[in-house]
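For reference, the structure is listed below as structure tokens.
The values are calculated or read from the model by the stated rules, or taken from the named source; none is laboratory data. Everything quoted here is computed from the prediction, not taken from an experiment. Glycine also receives a Cβ, built like all others from the backbone with ideal geometry; neighbour counts cover every protein chain displayed.
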Amino acid sequence: MVDLQELLFFADTTLDIGAFRDYCPNGLQVEGRSEVQRLVSGVSACRDLIEQAVELEADAILVHHGYFWKGENGRITGIKRERIRRLLSADISLIAYHLPLDAHPALGNNAQLGQRLGFDVQGSFGGVGGPDLALMGGIDSLLTSSELGARIGERLGREPQHVGSGPETIRSVGWCSGAAQSYIEQAAALGLDAFISGEISEQTVHIAREAGIHYFAAGHHATERYGVQALGAALAENFALEHHFVDIDNPV
Ligand SMILES: [Zn+2]
């Protein structure tokens with residue numbers, strides 16, 4: 001059992017949230033009960049995740065994608081009202097970490113994704129007015145594009161989409177979880193053989209072809225499942241909490 005504020009101070013500090021210019025508030029987004037014993041984590045604070053947290057009698061939910069995004073309609077109506085009503089009525093806190101959880105060198109989505117895919121980190125790029133988010137490095141074995149695609153599919157449990165072309169043997173890779181397809185040009189300018197992100201846009205295909213780089217869209221959800229799990233495990237260990245990761249299926 002830990003005091004909510006103590007848990008937040010630890011997580012906010014560990015992730016250095018003040019260093020980022022983000023599109024949403026990081027840390028506590030909806031306040032629930034003041035003590036936490038059971039923590040449920042998930043990628044996005046959708047209704048299904050909240051329902052599972054209620055069923056598991058969670059005290060707090062930890063996510064990568066929370067609420068209150070810059071530019072969205074701020075009114076608490078419709079779907080947003082339903083989600084927040086459910087949280088408040090169950091007295092469950094919503095804690096969200098976005099860019100700071102992409103970037104953390106050990107717990108972050110990109111550090112965790114690199115580990116899972118067998119990449120070693122040699123540098124970073126792609127900051128948005130704050131620390132870099134994307135990572136670059138080498139692979140633990142030389143792979144062709146189809147072998148790399150197969151490895152991504154196997155290790156993330158979702159088939160990636162491969163576009164563009166580059167060297168037959170891939171020696172250097174860049175990667176950034178989520179909707180970071182626009183970093184492909186920076187990856188190409190750095191001379192990387194391949195770039196991996198979550199989503200893909202129509203224009204990504206042309207840029208990959210013209211820049212001569214392999215691009216893999218590995219899934220926004222699939223690439224962002226690992227940061228919350230690592231952070232949840234770190235919080236569980238530090239404060240002797242119960243932590244359950246709940247994976248709500250999302251094909252995108
Ligand atoms: Zn995301």
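Can you list residue pairs whose Cβ atoms sit under 9 Å apart, with the first residue in the range 59-75 being hydroxyl-bearing (S, T, Y) and the second being within 15 Å of the ligand (Cβ to nearest atom)? Count only pairs 6 or more apart in sequence or on different chains.
Y67/C24; Y67/A45; Y67/A96
Go through the range 89-103 and count every residue that is touching a Leu at 6+ places or on another chain (Cβ under 7 Å) and either under 23 Å from G157 (Cβ atoms) or within 13 Å of the ligand (Cβ to nearest atom) (or both).
The total comes to 6.
I want to confirm something. Restricting to the range 188-201 and keeping residues that are more than 17 Å from L148 (Cα to Cα) and buried (at least 20 other Cβ atoms within 10 Å of the Cβ), which single residue is farthest from the ligand (Cβ to nearest atom)?
A188
Only one of these is surrounded by fewer than 21 Cβ atoms within 10 Å (Cβ to Cβ), touching a residue at least 12 places away in the same chain (Cβ under 8 Å) and over 20 Å from V173 (Cα atoms): G118, G130, G123. Name it.
The match here is G130.
In the range 179-195, what residues are touching a residue at least 24 places away in the same chain (Cβ under 8 Å) and of a type in the set (A, V, I, L, M)?
Those that are touching a residue at least 24 places away in the same chain (Cβ under 8 Å) and of a type in the set (A, V, I, L, M): A179, A180, I184, A187, A188, L190, L192, A194.
Consider R171 against the criteria (1) away from the ligand (no atom under 16 Å from the Cβ); (2) within 16 Å of the chain's Cα centre (by Cα); (3) among the basic types (K, R): it satisfies all of them except one. Which criterion is unmet?
The single condition R171 does not satisfy is (2).
So how many residues does the range 22-47 have that are touching a strand residue (DSSP E or B) at 6+ places or on another chain (Cβ under 9 Å) and either more than 16 Å from the ligand (Cβ to nearest atom) or modelled with pLDDT under 95 (or both)?
The qualifying residues number 13.
Is it the case that the range 138-146 has a residue that's surrounded by fewer than 22 Cβ atoms within 10 Å (Cβ to Cβ), of a type in the set (S, T, Y) and under 20 Å from I200 (Cα atoms)?
Taking every residue of the range 138-146 in turn, at least one turns out to be surrounded by fewer than 22 Cβ atoms within 10 Å (Cβ to Cβ), of a type in the set (S, T, Y) and under 20 Å from I200 (Cα atoms).
If you take the residues in the range 152-165 that are of a type outside the set (G, A, S) and touching a Gly at 6+ places or on another chain (Cβ under 7 Å), which one is surrounded by the most Cβ atoms within 10 Å (Cβ to Cβ)?
The extreme case among them is P160.
For the range 202-252, how many residues meet the condition of being charged (D, E, K, R) and surrounded by 17 or more Cβ atoms within 10 Å (Cβ to Cβ)?
Looking only at that region, the number is 2.
Output the qualifying pairs, or none if there are none: Cβ atoms under 9 angstrom, residues six or more apart or on different chains, first residue in the range 98-109 and in contact (Cβ under 8 Å) with a residue 12 or more places away in the chain, second residue among the acidic types (D, E) and away from the ligand (no atom under 13 Å from the Cβ).
Sorted first by the residue in the range 98-109, then by its partner, the pairs are P100/D12; P100/D16; A103/D16; A103/D132; H104/D16.
When residues of the range 174-187 are filtered for being away from the ligand (no atom under 16 Å from the Cβ) and crowded, with 21+ Cβ neighbours inside 10 Å, how many remain?
The first filter runs over the range 174-187 and keeps only residues away from the ligand (no atom under 16 Å from the Cβ), leaving 174, 184-187.
Now drop any that are not crowded, with 21+ Cβ neighbours inside 10 Å, which leaves 174, 184, 187.
Residues in the range 174-187 being away from the ligand (no atom under 16 Å from the Cβ) and crowded, with 21+ Cβ neighbours inside 10 Å: 3 in total.
Go over the candidates V36, V63 one by one and state the one that is over 22 Å from the mean Cα position of the chain (by Cα), among the hydrophobic types (A, V, I, L, M, F, W, C) and surrounded by 13 or more Cβ atoms within 10 Å (Cβ to Cβ). Outline the logic, then answer.
Details: V63 fails: over 22 Å from the mean Cα position of the chain (by Cα).
Every option except V36 fails the conditions.
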